[in-house]
Amino acid sequence: PRLSLVIYFVIIIELGANASSNFNNIQISASYDNWKHEAALDSDREFIVQWTPAKDHIIFRVTVRTRGYIGFGISNTPRMDGADIVVGWVHSGKAYLQDRHGVGNQEPVVDSQQDWTLVHGYENDTHTSLIMSRPYYTCDKDDHDITNDTAHLLWAFHPDDPVNPENPRPRIHYHGWRKGAASVFLLERGTLDIPRSLMSYHTHAGNNPERLTWELRNPEVRVTSSTETMYWCKLFKRPHLTHKHHIVKYEPVFSGSNERFVHHMIVYECTNLGAELDDVLDQLSLQPGQECYQSNMSHLIYNCNHVVATWTTGSQGLAFPSEAGYPLTPDGPKFYMMETHYDNPPMGTAFVDSSGIRMVYTSELRLNDAGVLSLGLDPNWKHLIPPRQRTVISEGHCVPECTEEVFPTT
C-alpha cells in the first residue's frame, strides 16, 4: 500500500483536565445528543464543554452550574488578555451570545465583527447551557484561529445575568474567583470521505473485524515526595500477530488522580535488533522498568528510538484519519519502550502510578500505512542558548543523502 506520513510534534505544556459527566436533567434535540469530545474545565466539574469539529467550523456546547452568564474563551496562553471570548446567558427564556475579546484584565470588549453563532440556549433550575459554533478561521484580528495546536480554554461564570441583559452592550458583573483555564487538544481533523470499499481493501477477520486493545501501563512506579521530576522507561512486548494489523487510535490511561503528575508519555519502537536478542528482550519486558538513561540501563534500550505515539498534558490522544493506520506486522518490531515523565514540582507528594497508553488496533486494514516523521535537533554540548538573549534560533538541515533514506520512492 501507499505510505502516508503522520508528523508528530511533542509540545510540552502545563495544565490539562479531562472528565466525563451526564446532565440528565437538561434536554436537547436529538441532533445535538452526541459529541465527539467532552472535558470538565474545573476540578468541581461545574463547567463542562462538549465539542465536535466539522469541515470548516467547530460546534460547542457549554453547560455550567449557574443561572447567570457564562464566559468561554480560546487563546494560545492561559491569560485573558488577547483571548477570543464569547459571553452568553439566558434571560426570560431567550438566549443571548456576544463575541468579545480580552483587553488586559478589564471587562471583555465586544467585537465589531461577530463570528460566533448561537445555535441554541436554555436553562433549568440549576444549569445554563449554550450551543454555539465558530469557523476555524475568521480573518478577524480579535479572534483566535482554531488549529491542530493545543488550545487554552478560558472559563468564567457568575450567578447573575449581566446588567440590562437585553441591551446590545450590557455590563457584565465581575466573575471573581469563578474562573480558570485548561489546556485542551480541540481538533482531530484530516479525515477524507473515502469509499469504504477502498478503506478496507483487505481484511483477515471476515465481515466483522474486531477492534483490539493493547495497554502499555507502568507497573506501580513509586515517586517519592522528594522527587521533583523523573523519567521512567519500561519495555513492552507487542501482542502476538499472525497477520498484519493497523493501529487506528491511541489514548492515555491514568491511575486514580495521578494525571496531574504525568507530564508526557512517548512510545518508541525498538528497531535494528536481531532475532537472537529476543530472549534477552523478553526478560527485560517482564521487568518493571527503571529511571531512564541511567548508567545501569541496558544498552539495548537505546535502540528504542523510533516514535510511534506521544501524549502530553492537554492531549486526548490521536485517532488516525480514516484512510490510514499505523502498521503492526508479524515480522515487524516486537518490542516497544514507553518513556513517562513525572512532574512533581511541589516536592511534597509521594504517589504510586500505573498510567500508560492504550492502543486500539484492528485487522481491517485501511488504504494507507501511516508513518512517523520526527523533526528536531538532538541537543548536545554544541547546542547552547547564550545568556541574556531575547530570542534564539535553532536550525536543522536535512541533506538529500538523509531524506532519500527516509521518504518512500512510491
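The values are calculated or read from the model by the stated rules, or taken from the named source; none is laboratory data. Small disclaimer: the values here were computed from a predicted structure and weren't measured. Methodologically, a virtual Cβ is constructed for each residue, glycine included, from the backbone with ideal geometry; neighbour enumeration extends over all protein chains shown. Each accessible area value is taken on the protein alone, full model and side chains, heavy atoms only, with ligands, DNA and RNA left out. Shrake-Rupley method; radii C 1.70, N 1.55, O 1.52, S 1.80 Å.
Quick one: count up the residues across the stretch 122-139 that are more than 21 Å from Leu186 (Cβ to Cβ) and assigned to a strand (DSSP E or B).
3
Please work out which residue is surrounded by the most Cβ atoms within 10 Å (Cβ to Cβ), limiting yourself to the stretch 307-322 and to residues that are hydroxyl-bearing (Ser, Thr, Tyr) and assigned to a loop (DSSP other than H, G, I, E, B).
Out of the qualifying residues, it is Thr313.
Within the stretch 343-361, work out how many residues are of a type in the set (Phe, Trp, Tyr) and within 23 Å of His306 (Cβ to Cβ).
1
Give the residue that is surrounded by the most Cβ atoms within 10 Å (Cβ to Cβ), with candidates limited to residues of the stretch 370-385 that are within 22 Å of Trp311 (Cβ to Cβ) and either modelled with pLDDT of 75 or more or over 24 Å from the mean Cα position of the chain (by Cα) (or both).
The extreme case among them is Ala370.
Take the residues in the stretch 247-284 that are open to solvent by less than 20 Å² (accessible area, probe 1.4 Å) and touching a Lys or Arg at 6+ places or on another chain (Cβ under 9 Å); name whichever of them is farthest from Thr329 (Cα to Cα).
Val253
Quick one: what pairs do we get from the stretch 292-321, first residue free of Cβ contacts under 8 Å to residues at least 40 places away in the same chain, second assigned to a loop (DSSP other than H, G, I, E, B), C-beta under 6 Å, 6+ apart or different chains?
What qualifies is Asn303/Asn272; Asn303/Leu273.
State whether one or more residues within the stretch 323-340 are surrounded by fewer than 19 Cβ atoms within 10 Å (Cβ to Cβ), touching a residue at least 60 places away in the same chain (Cβ under 8 Å), part of a strand (DSSP E or B) and among the acidic types (Asp, Glu).
No - not one qualifying residue is present in the stretch 323-340.
Restricting attention to the stretch 127-143, which residues are over 20 Å from Pro108 (Cα atoms) and among the hydroxyl-bearing types (Ser, Thr, Tyr)?
Within the stretch 127-143, Thr128, Ser129, Tyr136, Tyr137 qualify.
On the given criteria, is Pro345 under 22 Å from Cys292 (Cα atoms), part of a loop (DSSP other than H, G, I, E, B) and either of a type in the set (Val, Ile, Thr) or more than 25 Å from the chain's Cα centre (by Cα) (or both)?
So Pro345 fails the test.
Has the stretch 358-374 got at least one residue that is within 20 Å of Pro252 (Cβ to Cβ) and among the aromatic types (Phe, Trp, Tyr)?
Yes, some residue in the stretch 358-374 is within 20 Å of Pro252 (Cβ to Cβ) and among the aromatic types (Phe, Trp, Tyr).
Would you confirm whether any residue within the stretch 85-102 is touching a residue at least 60 places away in the same chain (Cβ under 8 Å), open to solvent by 40 Å² or more (accessible area, probe 1.4 Å), within 27 Å of the chain's Cα centre (by Cα) and closer than 13 Å to Asp143 by Cβ?
no
What residue, among those in the stretch 144-191 that are in a loop (DSSP other than H, G, I, E, B) and among the hydrophobic types (A, V, I, L, M, F, W, C), is most open to solvent (accessible area, probe 1.4 Å)?
Trp177
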